[in-house]
Amino acid sequence: QVQLVESGGGLVQAGGSLRLSCAASGSILSIYDMGWYRQVPGKQRDLVAVVTSGGSTNVADSVEGRFAISRDNAGNTVYLQMNSLKPEDTTVYYCNARGRRRDNRNFEVWGQGTLVTVSS
């Protein structure tokens, strides 16, 4: 049983900042990577940023220089610091984690989604 709980979404004015967090819990042996995706209704879910267990990060070109992904020391919580927010950033953000359960089975889970709304 592995689950992700997201928090930090909300309403912010253009140019403002938000910090999303995602905490993984359950029968986890290890986490390979954690990432943030966003999805506008009617469109595909796109990768925003990802961080691996080794600390490597990738950030989408559309948010490069504005968003930063990080993780805690234990590696079970990931953050997305969003600065200089734009109205086009408005959508639902989903956390994703891949790893191995304590029963040695691989898992991939998604958070419940958190809504980010940027007003112009």
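Values as computed for the structure displayed
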item	result
In the stretch 20-40, the residues that are closer than 18 Å to residue 10 by Cα and aromatic (Phe, Trp, Tyr)	36, 37
Filter result for residue 50 (out of contact with any Leu (no Cβ under 9 Å at 6 or more places or on another chain), aliphatic (A, V, I, L, M), closer than 10 Å to residue 95 by Cα and open to solvent by 70 Å² or more (accessible area, probe 1.4 Å))	no
Search result, residues across the stretch 87-113 that are of a type outside the set (Asp, Glu) and loosely packed, with under 14 Cβ neighbours inside 10 Å	87, 102, 104, 105, 106, 112
Verdict on residue 32 being open to solvent by less than 70 Å² (accessible area, probe 1.4 Å) and not hydrophobic (A, V, I, L, M, F, W, C)	no
Residues satisfying the stated conditions in the stretch 71-86, i.e. over 18 Å from residue 25 (Cα atoms) and either of a type outside the set (A, V, I, L, M) or open to solvent by 60 Å² or more (accessible area, probe 1.4 Å) (or both)	81, 83, 84, 86
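The values are calculated or read from the model by the stated rules, or taken from the named source; none is laboratory data. Since the structure is predicted, the reported quantities are computational estimates derived from the model, not experimental observations. Positions of Cβ are backbone-derived with ideal geometry, glycine not excepted, and every protein chain shown enters the neighbour counts. The accessibility values were calculated without ligands, DNA or RNA, using every heavy atom of the protein model including side chains. Shrake-Rupley method; radii C 1.70, N 1.55, O 1.52, S 1.80 Å.
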